[in-house]
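Have a look at the structure below before the remarks.
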Amino acid sequence: MNRNTVVLGPLFALLLIVCLSLPLSAQASQHQLILMSTTDLHQYIMPYNYMSDDVDETIGLSKVYTLVEQIRQEYNNTLLFSSGDDIQGSLVGDLEADVDPLTGHEFQAIIRAMNAMGYDAAAVGNHEVSDYGLEFFERAKNNSVFPWLSANIKMAENPDEFYVDPYTVLERNVDGIPIKVGVIGFVPPQIMEWGRSHLYGQVIAKEILEQAEKYIPILEEKSDIVVVALHGGISTDAIDSRDARANPAYYLAEIEGIDAILMGHQHNHFPGDYDDIEGVDNEKGLIHGVPAVMAGSWGEAMGIVELDLEYTDGEWKVLGGSSHLRHVDENVESHPWIEELVKDRHEATIEYVRTPIGQTEVEIASYFSRIKDTAVTQLVNDVQIIYAQEYFAGTEYEDLPIISVMAPFIAGRHGPDYFTHVQDDVNIGDVTDIYIFPNTVYVLKLDGQQVIDWLEYSGRNFNQIDPESEEPQHLINYDVMGYHFDILEGIEYVYDVTKPQGERVVEVTYDGEPLTADMDFLVVTNNFRASGGGGFPHAEEKNWVLPSTDVSREQIISYITEKEVIRPAASKNWRVKPIETAGPILYRSSPDAASYLDRRGIQGITYLETDEDGWGIYEINLLELY
């Protein structure tokens, strides 16, 4: 026998065993994990719009749960998350917080629903903490069977301590294989402005990107994949700008280690609403290659991120992914279990909504509030001026002229059906239709130049019009939300829309005299605006003379109740300067506004058509508008 054969025989056998075993231990398997995402539910649990007191088949968490069950049947591996702003918004929230406050062991109806649906985690949104205070949120947090997360809210007395858990690591299985899913939450740092009266001295808010760069690597070490639940959206403004600080997904996606971003706050849709942005794939739902999703608001859609995973020898790897939206409509049934869970609260809210408080002899509508003075802003401004007159009577500010500020809150943000329209009998729900937010009254002291600066900033509402162009031009910059178009009562002013932004206020007077820096005014607004919401100039604490806790909407309810019959006629103290244009000037609103024009006999506005998206398109003759 050859000696080498004797030696190689056992060695060959050993090598063969090793080689045969290697492919088995290193064999890769492919898997898919589905991340379901809701955001900005704002207490819209049932398919019902409490402001219009009517069924709305396009919204509601009860319908979303039907989608959740469908998705769980379609896919083997799913998780369910919220990107925040869940416990405040509809009149259900008002009922639970103020009208018939929760006591004892009671907790929010939407938390009952979210618990039943099996949410895995939720980000803290700004409205969770800024509107009703920390106690109301903590009631929700303590009764949730899922964690609430924020890595940028810390305790004021101990900045090293988080207010809620910054992140969580979910130990789950994908196709029977254990996986660790790290989830981290973020909220706009501007909560300290928007909810100052509730938060000051209790918590502090750090910058999102700063905290992400610090804690994403820590979470990555503990997890197989990392998911960001961001109560914020997409902004491509400068990284340190106000908008990008609140909506930093574009910059977050550049941080190493993030596998998916679940967005909110902007009430937009992604994929869908973000065309022509470098680094953003608006079809596949990618931001710098990272799958991301934003599911609108009020339960109008479910966001779905599909992550393609590979498992090899005990290690998970994300191969890629994409996102899409699944919308709620009349074909999606409202889930009976959720309906039963919230039935009593829903019925109590409807009863509250229908509480009569008075009548109006004038149609109160926001159809054209972004182009002319209307009753919807006039009513609120009248109420705020009366409030300030009564409050400052007999004080050092008694003789200062008062300016009131109001924006058309419900003016098309969610589509052509989203406009204020109140007529005849007025109830609680109607007042919410006029003033949707649970803001409180704030008063600032500003000089005449500061007021002009405020008006110029508000003038972003308009596009710059070229009077020589024969092409159609839209009068309004629809990228600016209606609730950021402030209308000031107490002075007279004119916008020239042929001029660039910052140069549009061409006439502004008080009692016939041009405003100057040596004039002082009391400016009545709300806590959101006075604390910097919207980025208006001079809206800061040093200019406050009254940061009240009086709810703005309650002042309107009291006013109507006392008057019994109201007639809020627009004072027409502001206008767009009449100009002649070579081509048509257009404006979009509800198609219902066409009959409103006829009833009111409004000149200078002509209905043209309803476009494919359901918007009523109107032509504006600026020479005849007033």
Meets criteria (within 27 Å of the chain's Cα centre (by Cα), of a type in the set (D, E, K, R) and within 19 Å of residue 390 (Cβ to Cβ)) for residue 540
no
The condition from (1) buried (at least 24 other Cβ atoms within 10 Å of the Cβ); (2) part of a helix (DSSP H, G or I) that residue 450 misses is numbered (1)
Scan region 422-436 and tell me whether some residue there is on the phi > 0 side of the Ramachandran plot, part of a strand (DSSP E or B) and either in the same structural domain as residue 450 (by TED's automatic domain parsing) or surrounded by fewer than 24 Cβ atoms within 10 Å (Cβ to Cβ) (or both).
yes
Given the criterion charged (D, E, K, R) and more than 21 Å from residue 574 (Cα to Cα), identify the matching residue among 470, 456.
470
A careful count of residues in region 206-253 that are among the acidic types (Asp, Glu) and either touching a Pro at 6+ places or on another chain (Cβ under 7 Å) or assigned to a helix (DSSP H, G or I) (or both) gives 6
Which residue is surrounded by the fewest Cβ atoms within 10 Å (Cβ to Cβ), if the candidates are limited to region 483-512 and must be outside any strand (DSSP E or B) and without any contact (Cβ under 8 Å) to a residue 60 or more places away in the chain?
512
If you check residue 376 against the conditions, is it under 29 Å from the mean Cα position of the chain (by Cα) and within 30 Å of residue 517 (Cβ to Cβ)?
no
With the checklist (1) touching a residue at least 12 places away in the same chain (Cβ under 8 Å); (2) not in a loop (DSSP other than H, G, I, E, B) in hand, flag the one item residue 164 doesn't pass.
(2)
Going by the conditions given, is residue 480 part of a loop (DSSP other than H, G, I, E, B), among the hydrophobic types (A, V, I, L, M, F, W, C) and either at pLDDT 95 or above or surrounded by fewer than 18 Cβ atoms within 10 Å (Cβ to Cβ) (or both)?
yes
Among residues belonging to region 98-122 that are without any contact (Cβ under 8 Å) to a residue 60 or more places away in the chain and under 24 Å from the mean Cα position of the chain (by Cα), point out the one that is farthest from residue 64 (Cα to Cα).
107
Any chance region 544-560 includes a residue that's surrounded by fewer than 17 Cβ atoms within 10 Å (Cβ to Cβ) and at pLDDT 95 or above?
no
Those residues of region 563-579 which are out of contact with any strand residue (DSSP E or B) (no Cβ under 7 Å at 6 or more places or on another chain) and within 17 Å of residue 366 (Cβ to Cβ), in sequence order:
570, 572
Counting only strands (runs of 3 or more DSSP E) wholly inside region 513-600, the ones holding at least 2 residues that are within 28 Å of residue 415 (Cα to Cα), among the aliphatic types (A, V, I, L, M) and in contact with a Leu (Cβ under 8 Å, 6 or more places away or on another chain) are 585-589
Do we have any residue at all in region 171-193 that's buried (at least 23 other Cβ atoms within 10 Å of the Cβ), assigned to a helix (DSSP H, G or I) and touching a Pro at 6+ places or on another chain (Cβ under 6 Å)?
no
Does residue 393 fit the bill of being touching an Asp or Glu at 6+ places or on another chain (Cβ under 9 Å), surrounded by fewer than 19 Cβ atoms within 10 Å (Cβ to Cβ) and farther than 21 Å from residue 57 by Cβ?
no
Answer yes or no as to whether residue 199 is at pLDDT below 95, buried (at least 20 other Cβ atoms within 10 Å of the Cβ) and in the same structural domain as residue 151 (by TED's automatic domain parsing).
yes
Near pairs, Cβ below 8 angstrom, 6+ apart or cross-chain, from region 594-622 (at negative phi) to any residue that is of a type in the set (Asp, Glu) and surrounded by 14 or more Cβ atoms within 10 Å (Cβ to Cβ):
596/363; 599/363; 600/363; 605/619; 606/619; 608/619; 616/592
With the condition kept exactly as written, say whether any residue in region 571-584 is exposed (fewer than 14 other Cβ atoms within 10 Å of the Cβ), assigned by TED's automatic domain parsing to the domain that holds residue 383 and within 16 Å of residue 456 (Cβ to Cβ).
no
Just name the residue that is surrounded by the most Cβ atoms within 10 Å (Cβ to Cβ) out of those in region 111-140 that are of a type in the set (Ser, Thr, Tyr) and under 18 Å from residue 265 (Cα atoms).
130
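The values are calculated or read from the model by the stated rules, or taken from the named source; none is laboratory data. Not measured: the values here are computed from a predicted model. Please note: Cβ atoms are built from the backbone with ideal geometry, for glycine as well, and neighbour counts cover all protein chains shown.
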